[in-house]
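Below is one structure, written out as structure tokens; the observations come after it.
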Amino acid sequence: MHMDSLSFVGISCMIFLSFLCSSQGHKLYVGGKEGWVLKPSESYDQWARRNRFQVNDTIVFKYKKGQDSVMVVHDNDDYTKCNKTSPIHHMKDGHSKLKFTRNGRFYFISGKDNHCELGQKLLVVVLSPDHRKSPSPVTPTPAISPVIAPTPPPSPGSVSPAPAPAPAKSDAMGVGGSSVLVWVFSLIMVAVFV
């Protein structure tokens, strides 16, 4: 009887930790080791296609403070025209982070003169929490202002576009330590209690 209660406790802990870690996102570093630069070795479009962005993920832009910045713009029109006049958010600290709090499209451009026009911009499609696989390629949707939860605040008003698929995550994200720990802990719990 004692072994049954230990098994129950072990399995309960496993389930709890799985739920806890599934709600945590990953950190994805734009441009990998190069960071947010004018001419990366891999285009930002290619980098974005290689990654799978989900709600609760955090995107990190690393660049030289005072020599560049990152702007979150409203829509595809602002993105394609490199419109810097009224961004949703302007990040300037050299290590800018933005947590995705909803699914949809997010448009990023460089705040440095002419950098966006020379290609330093990024379009990210964040999948809905229910999305599991990429059944079809991304198709254009009407422009909608994104809701962001930057680190540090402020966060603008909310509008939620329809979910859209994206490619699989890659090595560009930080180590998914919490999920690895859950599985290691789960294996130990199973070995000890079952």
Handout entry: Positions within the range 22-41 being closer than 24 Å to D113 by Cβ and of a type in the set (D, E, K, R), in sequence order
Key = E34, K39
Problem - Some residue of the range 49-58 being in a loop (DSSP other than H, G, I, E, B) and open to solvent by 60 Å² or more (accessible area, probe 1.4 Å) - result: no
Problem - Residue satisfying all of: in the range 52-68; touching a strand residue (DSSP E or B) at 6+ places or on another chain (Cβ under 6 Å) and either polar (S, T, N, Q) or without any contact (Cβ under 8 Å) to a residue 12 or more places away in the chain (or both); farthest from V126 (Cα to Cα) among these - result: T58
Completion exercise
Those strands (runs of 3 or more DSSP E) completely within the range 75-128 that have 2 or more residues that are open to solvent by less than 10 Å² (accessible area, probe 1.4 Å) and touching a strand residue (DSSP E or B) at 6+ places or on another chain (Cβ under 9 Å) are 95-99, 104-110, 121-127
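The values are calculated or read from the model by the stated rules, or taken from the named source; none is laboratory data. What you see is a predicted model, and the numbers here were worked out from it, not measured in a lab. Heads up, the Cβs are rebuilt from the backbone with ideal geometry, glycines too, and the neighbour counts pull from every protein chain shown. These accessible areas exclude ligands, DNA and RNA; they are computed on the full protein's heavy atoms, side chains included. Shrake-Rupley method; radii C 1.70, N 1.55, O 1.52, S 1.80 Å.
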